[in-house]
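Below you'll find the structure, written out as structure tokens, and then a few comments.
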Amino acid sequence: MSETTFSRLELDDRGIAWLTLERPEVHNAFDDSLIAELNAHLERLRDAAHHGEIRAVVLGSEGKSFSAGADLGWMKRMVEYDFEGNLADSRKLAALMHGLDTLPCPTLCRVQGAAFGGAVGLAACCDIVVASEKAKFCLSEVKIGLSPAVISPYVQRALGERQMRRYALSAEVMDATTALALGLVHRLAPHDELDAAVEAMLDILLAGSPQAQRATKALLAEVAQEPDSKATREHTCRVISELRVSAEGQEGLASFFEKRRPAWTNDSDNRVADNGVAENNAAEPRS
């Protein structure tokens, strides 16, 4: 995977894709060029995830800040756009958020510093957010006469409607502890231990079945739309039935009963699996 002007996409030997913003000189602010790059990266990642070529994606950035949101030069150009020009521009940002949110594989956001404006949307679109204790978040748009419109579906889902109203209307800065309490962040780490915390979470994700993770992510998106409809209930039954008879489902069950690690962990010494499940029948998973 290649290096581009404002971002970097790399794939390691575990199947982890590292998508990194590389504009530290402007605090990783994004403009139309960076958005176009990220959309192109996400298309490649989507295809690779569908084919099982990647296990997870880590979104991060270089430098002190995660991202300052919209680039000032880009914002100055937008002032000259008419409505149609602004609409076309906004649709590209919307495609970025939707593309990140709907990647088939697990996504993890590494936040080492400030995440302002649209950067809060990037974090909210990821499945898991691991942040430094120095991180801070702000929906700053109303302070310059704008709205967190495009990112609002994803941030509101993370914060809940009540907290979203407060922080979108006040543009208050959330420190890392507050972001954790509100559900925007899942795990905090001391600043110099952030990478270790990211790796620990990746180890947890890599223990899961790739197929089951893809199926679960897609399932949860559907369940969120209609939590208790007849169609949703039938769909949940079909998903678990398909997984039970699949090759990975059969391997997962076999490895559990045989007290070994499943094949997808690439563990060659066949040690007893640490599934986080007690070994008595009462604790066996029954889906």
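Would you rank Glu62, Glu37 by solvent-accessible area, highest first, keeping every protein chain in place and using a 1.4 Å probe?
Putting Glu62, Glu37 in descending order of accessible area: Glu62, Glu37.
State in Å² the accessible area per residue of region 209-267; use a 1.4 Å probe, count heavy atoms of protein chains only, and round to the nearest integer. Before the final figure, lay out the partial values.
Details: 3870 Å² over 59 residues.
Roughly 66 Å² per residue, with all protein chains present.
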As straight-line cross-link partners of Lys92, the qualifying lysines (C-alpha separation under 21 Å, not fewer than 8 residues apart within one chain) are Lys76
Dividing the mean separation of Cα pairs under 8 Å (6+ apart) by the residue count of the chain yields a relative contact order in percent of 13
Averaged per residue, the 1.4 Å probe accessible area of region 7-205, protein heavy atoms only, in Å², is roughly 45
Output ordering of 224-230, 247-253, 179-185 (per-residue mean of other Cβ within 10 Å, highest first) is 179-185, 247-253, 224-230
Highest GNM mean-square fluctuation among Val198, Val223, Val150, for the chain with Cα springs under 10 Å, belongs to Val223
On the accessible surface of region 144-261, probed at 1.4 Å with all protein chains in place, carbon and sulfur together account for a percent value of 56
Expected field for Lys92, accessible surface area in Å² at 1.4 Å probe radius, rounded to 10, holds 120
Expressed in square angstrom to the nearest 10, the accessible area of His186 with a 1.4 Å probe stands at 100
Extend 7 Å from the Cα of Asp195 along its Cα-to-C-beta direction; within region 48-89, residues with backbone N under 17 Å of that point are 58-66
Taking the chain and a Cβ-Cβ threshold of 4.7 Å, the cysteines left without a partner are Cys105, Cys125, Cys138, Cys237
Residue span Thr102 to Val173: 0.36 nm per residue of separation minus Cα-Cα distance leaves a gain in nm of 22.8 nm
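The values are calculated or read from the model by the stated rules, or taken from the named source; none is laboratory data. Note that this is a predicted model, so its numbers are computed, not measured. Quick reminder, even Gly has a Cβ in these numbers, built from the backbone with ideal geometry, and neighbours come from all protein chains shown. Just so you know, the surface numbers come from the protein's heavy atoms only, side chains and all, with ligands and any DNA or RNA stripped out. Shrake-Rupley method; radii C 1.70, N 1.55, O 1.52, S 1.80 Å.
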